[in-house]
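The values are calculated or read from the model by the stated rules, or taken from the named source; none is laboratory data. Computed from a predicted model, the values in this text were never measured in an experiment. Here the Cβ positions follow ideal geometry from the backbone for every residue, glycine too, while neighbour counts run over all protein chains shown.
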Amino acid sequence: MSTSPYAGRIAFDDSLFGEDYPHAAHTARAYIAENLEHLADEAGQVRVAWRSPAPTTAFLTHETITRIDTPYLIWESDPFPVTLDEDGVPYPLRIDAAGFASQANAVTFRVVAAPAGRSLTYARSPTFPQVVDCTTSSTTDGWLTHADNLVQMSSSDAVEGLEEIPTIDAIGGDPVTVAATLATISVWALTSNLSTALRLTGVYAAEYVGT
Amino acid sequence: MSATVAVRRPTARPDDILVAAPVRALTGLESAKLGNWLLGRGAQLIPPYAPLTTVTATSELHYQFRVRPRYQALQRVWGFRLRAASPMEVTIEVPSGATAITAPVSTRRDTVHSFRIVETLGSQSDTEAEITCAIAPTSTTSLTIEGISCYEMPRGTLAVGGSDLGTELAVYVVGQPIKATLYDSIRAATSDPLVIGRRVSLSQWSVPATVAGATSTAHAKATVGTGSYETIYSGLPVLTRKDAPSATTGLVTCKMLAWVSGGSADLRLNSSVHGASTAVNITNTSPAWSGAITLSVDCEDLSTADGLQGAVFDRLTPEMRKNVSGTCRVAAVSIWEA
């Protein structure tokens with residue numbers, strides 16, 4: 001939800017900021033503070049986006065499943081730096097996933113957002129807000145059904161994923177470090193029938209400022 | 001000089017600014033911090049994707065992407081996830097042609113890890129450009145590239161003013177006036193939505209059009225017929241940022257790495273909500289980036305819990321059509337906010 005009252009950027013005339021103009025409170029509020037808030041609301045990035053061009057032959061799947069109550073990893077993204085809100089909570093991620101079952105049995109593609117290295121913990125906890133289950137029993141490829149479109153990491157996730165990453169302060173400059181919270185999107189398989197495999201053919205995750 | 005970039009989002013506190021009352025230096029300071037945060041946190045250049053390229057040869061695989069980066073970026077962080085039939089190594093170059101780095105490849109799904117390589121740029125630029133990487137297996141073991149990604153390294157501090165547009169924080173002093181010039185950088189950033197916070201990549205898909213230095217048809221998506229549009233991949237969600245308060249759409253730009261065996265072909269985008277774009281025609285017989293394909297798609301609706309308009313994903317499908325005989329091939333589709 002927007003923190004800017006107009007839920008949008010207000011265009012303005014650059015001459016309002018001329019040196020001969022007094023800096024009016026209205027200018028500071030509407031053109032600076034509120035526009036900045038809107039731009040920050042829309043600062044979320046697309047963090048995962050792919051769709052197989054040949055879903056029936058080019059897909060990702062899991063190791064052999066031996067237990068129907070255990071999630072098996074299908075795919076995990078590279079870590080990406082999450083956008084942290086004012087309270088230290090990461091922006092929620094709007095997600096979607098595509099795939100199909102190898103046989104007509106109920107299967108679940110469990111999408112998990114978690115600090116790098118922590119996805120298994122949440123994969124085993126379907127009620128956590130870091131998890132959205134996408135379900136199907138279809139053997140035809142397609143985007144999957146899910147009750148919720150958002151996954152939400154917590155402030156403790158943000159702390160857990162925080163890294164001081166070596167970088168530089170300018171082109172050809174000195175070494176410095178920068179702090180960033182790194183997280184991944186992973187997809188896990190759950191099947192109602194041990195002989196039914198899951199075929200993952202697409203994943204999408206984009207940060208959104210949320211409510 | 002300290003145009004520092006916060007880790008968490010600061011707030012500009014517009015409610016603290018009252019008409020007919022002077023703007024407090026601390027309020028101006030918060031705006032400046034938010035401006036620096038927006039400019040300095042970096043963009044996702046290649047959202048993690050699964051190329052699903054499987055090879056059994058040691059030939060070098062060349063991946064190409066089209067991006068319009070942010071000026072503030074100094075380094076790019078690349079990530080690679082690879083899986084092999086038996087333990088092996090690959091060499092990776094970022095960009096293609098740079099000194100190769102050797103990376104181990106595991107075999108089990110649970111032990112596939114992300115191999116991270118940092119690319120330091122020679123200069124800053126926000127000009128649209130191609131970025132590349134190359135992967136060369138060191139054995140003929142079956143190898144699948146399961147993930148490639150790239151993001152701009154966040155900045156800890158920005159240069160004050162100039163093209164970095166950092167705002168000096170130390171000049172907001174209690175009791176002192178806020179001079180108009182203190183707002184120069186923020187004003188420049190907020191007056192152009194493409195300068196600040198741009199989604200550099202809405203999606204990136206690339207497979208090798210060049211293998212071992214020569215054009216290859218092994219991995220590109222090819223037309224199977226002529227005269228009708230064919231799907232390159234189907235229905236990836238897309239939402240741009242919302243700009244003006246009344247906006248319901250945003251413009252995306254797409255370029256495809258494509259070529260034909262002869263004659264011509266058409267390339268376009270198809271939105272599930274807004275229909276098809278104007279097509280771009282190609283006649284090149286070796287891989288080259290197409291002209292820009294533009295299309296208005298849904299932007300986020302900030303009044304809804306998930307940003308979707310009408311609880312429906314706008315889904316974007318890149319398409320190609322070979323005119324008359326022959327084959328059209330597409331090896332990369334890059335889509336970014338215009």
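Taken over region B:279-338, the criterion of being part of a strand (DSSP E or B), within 14 Å of another protein chain (Cβ to nearest Cβ) and either in contact with a helix residue (DSSP H, G or I) (Cβ under 6 Å, 6 or more places away or on another chain) or of a type in the set (Phe, Trp, Tyr) (or both) is satisfied by B:Trp336 alone. Screening A:Trp75 with (1) surrounded by fewer than 24 Cβ atoms within 10 Å (Cβ to Cβ); (2) touching a residue at least 24 places away in the same chain (Cβ under 8 Å); (3) among the aromatic types (Phe, Trp, Tyr) gives one miss only, at (1). The residue pairs whose first member lies in region A:88-100 and is modelled with pLDDT of 95 or more, whose second member is among the acidic types (Asp, Glu) and in a strand (DSSP E or B), and whose beta carbons are closer than 9 Å, counting only pairs six or more residues apart or on different chains, are A:Pro90/A:Glu207; A:Tyr91/A:Glu207; A:Pro92/A:Glu207; A:Leu93/A:Glu207; A:Arg94/A:Glu207. With respect to the conditions (1) closer than 24 Å to B:Val5 by Cβ; (2) facing chain B (nearest Cβ under 7 Å), A:Trp75 lacks only one, and its number is (1).
Hey, can you tell me all the residues within region B:257-266 that are more than 24 Å from the chain's Cα centre (by Cα) and of a type in the set (Asp, Glu)?
The initial filter retains those residues of region B:257-266 that are more than 24 Å from the chain's Cα centre (by Cα), namely B:260-265.
Selection gives nothing.
If the condition is being more than 19 Å from B:Leu257 (Cβ to Cβ) and either touching a Leu at 6+ places or on another chain (Cβ under 7 Å) or surrounded by fewer than 21 Cβ atoms within 10 Å (Cβ to Cβ) (or both), then region B:194-223 contributes B:Leu194, B:Val195, B:Ile196, B:Gly197.
Any chance you could count how many residues in region B:299-330 are among the acidic types (Asp, Glu) and more than 15 Å from B:Lys242 (Cβ to Cβ)? It would help to see each step written out before you state the result.
Step one: list which residues in region B:299-330 are among the acidic types (Asp, Glu), which gives B:300-301, B:306, B:314, B:319.
Then drop every residue that is not more than 15 Å from B:Lys242 (Cβ to Cβ), which leaves B:319.
Counting residues in region B:299-330 that are among the acidic types (Asp, Glu) and more than 15 Å from B:Lys242 (Cβ to Cβ) gives 1.
For region A:187-208, the count of residues that are farther than 25 Å from B:Asp110 by Cβ and either out of contact with any Pro (no Cβ under 8 Å at 6 or more places or on another chain) or away from chain B (no Cβ under 11 Å) (or both) is zero.
B:Leu45: part of a helix (DSSP H, G or I) and in contact (Cβ under 8 Å) with a residue 60 or more places away in the chain, yes or no? In short, no. Selection of region B:1-19 for residues being within 7 Å of chain A (Cβ to nearest Cβ) and farther than 22 Å from A:Leu182 by Cα yields B:Thr11, B:Ala12, B:Arg13, B:Pro14, B:Ile17, B:Leu18, B:Val19. Looking across B:Thr120, B:Thr54, one residue alone is within 14 Å of chain A (Cβ to nearest Cβ) and either more than 27 Å from A:Thr167 (Cα to Cα) or acidic (Asp, Glu) (or both). It is B:Thr54.
To keep it simple, each residue is scored yes or no on (1) polar (S, T, N, Q); (2) farther than 30 Å from A:Gly172 by Cβ; (3) in contact (Cβ under 8 Å) with a residue 40 or more places away in the chain; (4) part of a loop (DSSP other than H, G, I, E, B).
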{"position": "B:Ala20", "(1), (2), (3), (4)": "no, yes, no, yes"}
{"position": "B:Gly28", "(1), (2), (3), (4)": "no, yes, yes, no"}
{"position": "B:Leu34", "(1), (2), (3), (4)": "no, no, no, no"}
{"position": "B:Tyr71", "(1), (2), (3), (4)": "no, no, yes, yes"}
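Here B:Arg66 meets each of (1) more than 7 Å from every other protein chain (Cβ to nearest Cβ); (2) modelled with pLDDT under 95 with one exception, condition (2). Cβ-Cβ distance below 6 Å, separation of 6 or more or different chains: which pairs start in region A:125-145 with a residue that is over 25 Å from B:Leu316 (Cβ atoms) and end on one that is small (Gly, Ala, Ser) and part of a loop (DSSP other than H, G, I, E, B)? Matching pairs, first to second residue: A:Ser137/A:Ala104; A:Ser137/A:Ala106; A:Thr139/A:Ala104.
In region B:267-287, what count of residues is obtained for those that are crowded, with 18+ Cβ neighbours inside 10 Å and over 23 Å from the mean Cα position of the chain (by Cα)? Number of matching residues: 1.
Residue by residue, here is whether (1) of a type outside the set (S, T, N, Q); (2) assigned to a loop (DSSP other than H, G, I, E, B) holds:
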site	(1), (2)
A:Ala28	yes, no
A:Asn35	no, no
A:Thr57	no, yes
A:Ile65	yes, yes
A:Leu73	yes, no
A:Gly117	yes, yes
A:Pro126	yes, yes
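Does region B:225-236 include one or more residues that are closer than 25 Å to A:Leu150 by Cβ, among the polar types (S, T, N, Q), surrounded by fewer than 18 Cβ atoms within 10 Å (Cβ to Cβ) and out of contact with any His (no Cβ under 6 Å at 6 or more places or on another chain)? No. Filtered by the rule that a residue be more than 20 Å from B:Thr120 (Cα to Cα) and of a type in the set (S, T, N, Q), region B:151-169 gives a lone residue, B:Thr167. Checked against the criterion of being modelled with pLDDT of 95 or more, touching a Cys at 6+ places or on another chain (Cβ under 8 Å) and outside any strand (DSSP E or B), region B:80-95 contains one or more residues that satisfy it.
Being within 8 Å of chain B (Cβ to nearest Cβ) and either over 25 Å from B:Thr317 (Cα atoms) or not aliphatic (A, V, I, L, M) (or both) is the filter here, so list the residues in region A:56-72 that pass it. First the steps, then the outcome.
Of the residues in region A:56-72, the ones within 8 Å of chain B (Cβ to nearest Cβ) are A:58-60, A:62-63, A:72.
Selection gives A:Phe59, A:His62, A:Glu63, A:Tyr72.
Of the residues B:Leu143, B:Leu121, B:Leu165, B:Leu158, the single one that is out of contact with any Gly (no Cβ under 9 Å at 6 or more places or on another chain), closer than 30 Å to B:Asn36 by Cβ and not small (Gly, Ala, Ser) is B:Leu121.
For region B:288-313, the set of residues classified as crowded, with 21+ Cβ neighbours inside 10 Å, over 19 Å from B:Arg198 (Cα atoms) and in contact (Cβ under 8 Å) with a residue 40 or more places away in the chain consists of B:Phe313 only. May I ask you to list the residues in region A:99-125 that are closer than 27 Å to A:Glu163 by Cα and surrounded by fewer than 23 Cβ atoms within 10 Å (Cβ to Cβ)? Selection gives A:Ala116, A:Gly117, A:Arg118, A:Leu120, A:Thr121, A:Arg124, A:Ser125. I'd like to know if region A:19-39 contains one or more residues that are crowded, with 24+ Cβ neighbours inside 10 Å, touching a Leu at 6+ places or on another chain (Cβ under 7 Å) and closer than 24 Å to A:Ala147 by Cβ. No, region A:19-39 has no match at all. Note on region A:136-155: among residues that are within 19 Å of A:Ala104 (Cβ to Cβ) and buried (at least 17 other Cβ atoms within 10 Å of the Cβ), the one that is nearest to the other protein chains (Cβ to nearest Cβ) is A:Trp143.
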